[in-house]
1. Helix 130-143 sits at what angle to the longest principal axis of the chain, using alpha carbons and giving 0 to 90 degrees rounded to 10?
2. Working from Cα positions, state the angle (0 to 90°, nearest 10) between the long axis of helix 55-66 and the longest principal axis of the chain.
3. Would you please state the base-10 log of I(q)/I(0) at q = 0.12 1/Å for the stretch 65-176, with intensities from the Debye formula using one equal scatterer on every alpha carbon?
4. Convert each backbone phi in the stretch 116-128 into a coupling constant with the Karplus relation 6.51 cos²θ - 1.76 cosθ + 1.60 (shift: θ = phi - 60°), then list the ³J(HN,Hα) values in order as whole Hz, x for Gly and Pro.
5. Please work out the average accessible area per residue across the chain, using the 1.4 Å probe convention, and give it in Å².
6. Of the accessible area of the chain, with the probe set at 1.4 angstrom, what percent is carbon plus sulfur?
7. For residue 172, list long-range residues whose amide hydrogen, built 1.01 Å from N in the peptide plane, is under 5 Å from its own amide hydrogen.
8. For q values of 0.19 Å⁻¹, compute log₁₀ I(q)/I(0) with the Debye formula on a Cα-only model of the stretch 43-111, without solvent.
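The values are calculated or read from the model by the stated rules, or taken from the named source; none is laboratory data. Every value quoted in this text rests on a predicted model; they were computed, and no experiment measured them. With ligands, DNA and RNA removed, areas are computed over all heavy atoms of the protein, side chains included. Shrake-Rupley method; radii C 1.70, N 1.55, O 1.52, S 1.80 Å.
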Amino acid sequence: MTNSGATPDPLILTLQFDAQTFARFDGLRRRHFPAALNHIPAHVTLFHHLPGLDEAGIAETVAALARVEAPPQVAVTGLRFLGRGVAYGLESPALATFRGRLAHEFAAVLTAQDGQGWRPHVTVQNKVATGVARALLAELEAEFTPFAFTAPGLVLWRYLGGPWERRAAFAFGENR
């Protein structure tokens, strides 16, 4: 824990990629995200700030819901301009429904950011000049072909003020 108070640092829940998809996105992130600011691997955030004090309860809830859920198909549909960066937009009705179930379970502890609409994406560049981001967007759009992957599970992280610490992984469909 990096904070000085009694409350543990918050938890972050992300989607796990298959190896090939991870290599693709993380390679892009390593090439285009400012190296001094790139403390974490490529990821899709489901929840940005879950209560660190209840890590065991969070993990138990996520595990219980994931183990009965089929691994979702996720479509990579295009690119998004973020103003000072670029992200790949994702679509997955199954994943959105699953995240909705988790949001219902965590409703009492969700931050405003996590309680609002969810737009899944993978950020491969951020915190750069607008012109640099526009140039990368044009480059990536010129070579983009939609594709899909199957997400094998989820990863729970602890936020450490920049870097993240991997705490647990949960496979989809263990009890199907």
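1. With both axes taken from Cα atoms, the answer is about 90 degrees.
2. In the chain, helix 55-66 runs at an angle near 70 degrees to the longest axis.
3. Per q value, in the given order, log10 I(q)/I(0) is -0.55.
4. Taking θ as phi minus 60°, the curve returns 7, x, 10, 10, x, 7, 10, 7, 10, 8, 7, 6, 10 Hz for the stretch 116-128.
5. 51
6. Carbon-and-sulfur percentage of accessible area, whole number: 52.
7. Placed amide hydrogens put 153, 154 under 5 Å from residue 172.
8. For the requested q values the scattering log ratios are -0.89.
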